[in-house]
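The structure appears below as structure tokens.
The values are calculated or read from the model by the stated rules, or taken from the named source; none is laboratory data. Given the structure is predicted, the values throughout are model-derived calculations rather than measurements. Because the Cβ atoms are built from the backbone with ideal geometry, glycine has one as well, and the counts that use them run over all protein chains shown.
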There are 2 protein chains.
Amino acid sequence: MLLANFAVMAFEKVTREENYSEWYNNLVYKADLAEHSAVKGCMVIKPHGYAIWEKMQKQLDHMFKETGHSNAYFPLFVPKSLFEKEEKNAEGFAKECAVVTHYRLKADPNKPGSLMADPDSKLTEELVVRPTSEAIIWNTYKNWIQSYRDLPILINQWANVVRWEMRTRLFLRTAEFLWQEGHTAHATKEEALIETKQMLEVYAEFAETFMAIPVIKGVKTENERFAGADETYCIEGMMQDGKALQMGTSHFLGQNFAKAFDVKFQSKEGKLDYVWATSWGVSTRLMGALIMVHSDDEGLVVPPKLAPIQVVFVPIYKSDEERDAVLGKMDEMAADLKKAGLLVKVDARDTHKPGYKFAEWEQKGVPVRLALGPRDLASGNIELARRDTKTKEVVSMEGLADRLVALMDEIQQSLYDKALKYQKEKTYTVNNWEEFLDVIETKQGFAYAHWDGTGETEEKIKEATKATIRCIPLDSVLEEGVCVFSGKPSTQRVLFAKAY
Amino acid sequence: MLLANFAVMAFEKVTREENYSEWYNNLVYKADLAEHSAVKGCMVIKPHGYAIWEKMQKQLDHMFKETGHSNAYFPLFVPKSLFEKEEKNAEGFAKECAVVTHYRLKADPNKPGSLMADPDSKLTEELVVRPTSEAIIWNTYKNWIQSYRDLPILINQWANVVRWEMRTRLFLRTAEFLWQEGHTAHATKEEALIETKQMLEVYAEFAETFMAIPVIKGVKTENERFAGADETYCIEGMMQDGKALQMGTSHFLGQNFAKAFDVKFQSKEGKLDYVWATSWGVSTRLMGALIMVHSDDEGLVVPPKLAPIQVVFVPIYKSDEERDAVLGKMDEMAADLKKAGLLVKVDARDTHKPGYKFAEWEQKGVPVRLALGPRDLASGNIELARRDTKTKEVVSMEGLADRLVALMDEIQQSLYDKALKYQKEKTYTVNNWEEFLDVIETKQGFAYAHWDGTGETEEKIKEATKATIRCIPLDSVLEEGVCVFSGKPSTQRVLFAKAY
């Protein structure tokens, strides 16, 4: 009943400033993106949320294929004995694994109408629900790779994964989430490293060009590395509360999985060697970033390139005659806009008033709203409301398609520029502990600071401030300095922030 | 090691006539479609197989959206107490459910290097890995539906499901499979029935127009109905061994799930009533149908509309100069064909000889192969080989794109015609038990026969012959007759066949 009430209650409007976290939770519900399910930690992604995710998928999938990758599908379950093989990886994920132990239910003799796991169906070996698929995939690649001729293998998988999380938040941290995971196999270290960096660039381009989110590209410290990787590259975005969100990772796995699963190949020269590996992924977590970077106190703001609906028409009328006339014109205009490649919806529902519709589409983040009433039919003008700037203007119906096509680009760019400006304003270069604390705790932003390179210092800073090293930025220049915490020598600045 | 050997071994060529089942298994491996995994009953769908599935998905998704449906995503897990709620459904699937009982692994104190399910992480309530999602979805819809204004809900989900099968076969019957499941909610019985039938039509159109497989539309008998449905509609295809394969089902669920989950709505007239439901699905099983209907002893045959590659170019050359000249021309021609909308691959690998490439693309079912050598450059001709008919001809390079575009339609139609002819030839009207046995056991085909309408007779016929009632065809006419088994009166013929 709690859920039922939550879903239909009128939300108290909470602004970002008042309570960023509550604002986020409310927005996810109000914009009909997702909700909690009856399964602890698992979410239901609602049609509007899923439609945005589908647009992300489609674009990413296109970019993966353009860079030579194919999709495939590997099993949901990983036998425990395989899962254990790459020790660091197993250790890293063991604490959050859902475990299948039985394969049948039967009537519970002690509870009429109830079922129980049938003790006779106990598996001789437990199955882990994949938290990530390196183990099952490398156990498969073993059979696919004999010679350099079989390399590279460039495969991606769109799948669900499960990592049992105690504290969950819709999109940001859920027990089950949707993602893609690329898994590639190469003959040389160099080629694997090129692949790792290439996919980081793909993610960065996707974030900036399609999500309109500027990102910082970098490499993780050892403490923050993917369990089983030699290097983890990442893109980090800044949310409106100044916190960082890791938006995508690309791992150089070295020969770790090849060694764990005994995957060797014969080189052109006839030498046997272990195969080099990468893996890379982004998940429905990106939805959290999209929401947190662009949205405002009125609801969701979606960049046009990812909007399932780019332009919504709302008719204004009183009589049936007016309705027919207005909707007739709207359908005609909508057809024109569709021809120009725009994603258009005419909201013809007669169960809801225009005011309700305005609020709904505003909450759902449709980039442009067009309202048309009987008077407009005579004047040849129409009211155009822009979601991102909340500006309204009356424009001519003539040339509307061209105007809107251009406006989509303008909005996309404007959202990116705004996010970049914000990111730059909240990013500071700090030179001592006082300045560091001021940025992390008072200004709440990103801090470029010298660090002595030890995991120990990193850990202490985290304990003291909750800030972590988000990455060692790729464009960071070498310069002599002293660690803001330990005072020991440092050769370059790293990026600190509190993070999701 | 068994798998490793299997994957690389040279397959003994087995024809359909010699051993249909072995022919199928070999083909799935040889055409690089899928393979068994380390997880009992679960398959790996390989890139070539997945690419065909992706084309199916894309087309079906388009058809679902054209009929007003949206995609969403619901949790992988179903708490046992929810799963139990619709009794028939629970009973129907209980025997094949994977059950999650723990959410953490820990180091096994008795086996160094090994992990074990942590007893402290035992769930208070077991989670069932979804075998189908009615329970979790109707538990969610409960919160979405208050009034007729909230209806209809027209949602589809692309997902993986798990049904623990003891005897598995790649694509046809696997413990985990990929599918789509539509779940709709309606205010009236009539509307729900219209939806059920509409989706059956969508499936039939997809099967016939895209898969080039003629299907028989019908309704299941009570024995064969989906657990929890009032009616199950289906499409049935005929494989080359005369067996039937159920290719898709559309269920009218009545108010069963609404009652189990207490989902009521207020009608326009202010009355409270339970909601009406449908669900419908097709799965990776369709890959099995595609393979079994069209392929031949040389390998896979894919209808052009579902082929990830429609035209493959194989260059013939000896010297580097010849290679450059031939590939140069091929790239130019390939660009032309792509412009015409064809899916083209130039097989420029210099690690493999033309003969190897011919055999590989034949096995993989590419509809048209074009081979070009140095002499062709002078003549302006090119060799065109058609996969389905195994015919070869020399054609002019001029007008090739137009010719190929037309040829794709021709091949698509020809595959359908051939399958339809075969289906008609192997379908018989039988009037007594002798004729029935002759069709089912000797001729190995479909039998239209009178049946007395009882589950008892149906069961006895199944025991005697392994043939089941595939469906009561929608176009079956009412006519008086006597049951071929019991001699009791019957009002219409039903379709019997052995089935996958």
Original post:
Applying the selection to region A:159-182, what residues are assigned to a strand (DSSP E or B) and not β-branched (Val, Ile, Thr)?
Top reply: A:Ala159, A:Asn160, A:Arg169, A:Arg173, A:Glu176, A:Phe177, A:Leu178, A:Trp179, A:Gln180, A:Glu181, A:Gly182
Original post:
Taking region A:442-500 as the region of interest, how many residues are under 30 Å from A:Tyr20 (Cβ atoms) and either surrounded by 13 or more Cβ atoms within 10 Å (Cβ to Cβ) or among the polar types (S, T, N, Q) (or both)?
Top reply: 37
Subject >> Hits in region A:461-486 - residues which are in contact (Cβ under 8 Å) with a residue 24 or more places away in the chain and assigned to a loop (DSSP other than H, G, I, E, B) >> reply: A:Lys466, A:Ala467, A:Leu474, A:Asp475, A:Ser476, A:Cys483, A:Val484, A:Phe485, A:Ser486
Original post:
Taking A:Asn223 and the conditions (1) part of a strand (DSSP E or B); (2) more than 14 Å from every other protein chain (Cβ to nearest Cβ); (3) in contact with an Asp or Glu (Cβ under 8 Å, 6 or more places away or on another chain), which numbered condition does it fall short on, given that it satisfies the others?
Top reply: (1)
Original post:
Looking at region A:42-51, is at least one residue more than 7 Å from chain B (Cβ to nearest Cβ), in contact with a Leu (Cβ under 8 Å, 6 or more places away or on another chain) and more than 29 Å from A:Leu127 (Cα to Cα)?
Top reply: yes
Original post:
Residues A:Arg225, A:Arg163: which one is of a type in the set (Lys, Arg), under 28 Å from A:Cys42 (Cα atoms) and in contact (Cβ under 8 Å) with a residue 60 or more places away in the chain?
Top reply: A:Arg163
Subject >> Test: B:Lys353 is surrounded by 15 or more Cβ atoms within 10 Å (Cβ to Cβ), closer than 13 Å to B:Ile316 by Cα, of a type outside the set (A, V, I, L, M, F, W, C) and within 14 Å of another protein chain (Cβ to nearest Cβ) >> reply: no
Original post:
modelled with pLDDT under 95 and closer than 30 Å to A:Tyr317 by Cβ, is that true of A:Arg386?
Top reply: no
Subject >> Of the criteria (1) within 11 Å of chain A (Cβ to nearest Cβ); (2) over 16 Å from the mean Cα position of the chain (by Cα); (3) at pLDDT 95 or above; (4) not in a loop (DSSP other than H, G, I, E, B), which one B:Phe6 fails >> reply: (3)
Subject >> From the options B:Lys259, B:Lys305, B:Lys271, residue that is in contact (Cβ under 8 Å) with a residue 24 or more places away in the chain and of a type in the set (Lys, Arg) >> reply: B:Lys305
Original post:
Which one is surrounded by the fewest Cβ atoms within 10 Å (Cβ to Cβ), of the residues in region A:72-81 that are at the interface with chain B (Cβ under 7 Å from one of its Cβ atoms) and either farther than 20 Å from B:Leu76 by Cβ or touching a Cys at 6+ places or on another chain (Cβ under 8 Å) (or both)?
Top reply: A:Leu76
Subject >> Residues being of a type in the set (A, V, I, L, M) and under 30 Å from A:Leu123 (Cβ atoms) - total across region B:120-167 >> reply: 11
Original post:
Which members of region A:132-154 meet the condition of being more than 10 Å from chain B (Cβ to nearest Cβ), assigned to a helix (DSSP H, G or I) and in contact with a Ser or Thr (Cβ under 7 Å, 6 or more places away or on another chain)?
Top reply: A:Glu134
**OP:** Among the candidates B:Val293, B:Val275, single out the residue that is more than 30 Å from B:Asn19 (Cβ to Cβ) and touching a Leu at 6+ places or on another chain (Cβ under 9 Å).
**Re:** B:Val275
Subject >> For B:Leu60: the one exception among (1) facing chain A (nearest Cβ under 8 Å); (2) of a type in the set (A, V, I, L, M, F, W, C); (3) not in a loop (DSSP other than H, G, I, E, B) >> reply: (1)
Original post:
Mind checking which residues of region B:155-185 are among the basic types (Lys, Arg) and within 12 Å of chain A (Cβ to nearest Cβ)?
Top reply: B:Arg163
Subject >> Qualifying residues in region B:285-325 (those that are of a type in the set (Val, Ile, Thr) and either surrounded by 24 or more Cβ atoms within 10 Å (Cβ to Cβ) or closer than 23 Å to B:Gly242 by Cβ (or both)) - the one nearest to the chain's Cα centre (by Cα) >> reply: B:Ile291
Original post:
Is it true that some residue in region A:463-475 is under 28 Å from the mean Cα position of the chain (by Cα), of a type in the set (S, T, N, Q) and closer than 30 Å to A:Gly365 by Cα?
Top reply: no
**OP:** Would you tally the residues in region A:85-95 being surrounded by fewer than 23 Cβ atoms within 10 Å (Cβ to Cβ) and within 7 Å of chain B (Cβ to nearest Cβ)?
**Re:** 2
**OP:** Kindly indicate the residue of region A:164-215 that is more than 19 Å from the chain's Cα centre (by Cα) and acidic (Asp, Glu) and also nearest to A:Lys421 (Cα to Cα) among those meeting that condition.
**Re:** A:Glu195
Original post:
Based on what the data block shows, is B:Gly113 more than 10 Å from every other protein chain (Cβ to nearest Cβ) and either touching a strand residue (DSSP E or B) at 6+ places or on another chain (Cβ under 6 Å) or not in a strand (DSSP E or B) (or both)?
Top reply: no
Original post:
Which members of region A:368-400 meet the condition of being among the small types (Gly, Ala, Ser) and within 31 Å of the chain's Cα centre (by Cα)?
Top reply: A:Ala385
**OP:** For region A:116-131, enumerate the residues that are in a strand (DSSP E or B) and either facing chain B (nearest Cβ under 8 Å) or not charged (D, E, K, R) (or both).
**Re:** A:Met116, A:Ala117, A:Leu123, A:Thr124, A:Glu126, A:Leu127, A:Val128, A:Val129
Subject >> Unmet criterion (only one of (1) over 27 Å from the mean Cα position of the chain (by Cα); (2) part of a loop (DSSP other than H, G, I, E, B); (3) farther than 30 Å from B:Ser379 by Cα; (4) at pLDDT 95 or above) for B:Lys268 >> reply: (4)
Subject >> region B:242-265 - residue that is part of a helix (DSSP H, G or I) and not hydrophobic (A, V, I, L, M, F, W, C) and, of those, nearest to B:Glu91 (Cα to Cα) >> reply: B:Asn256
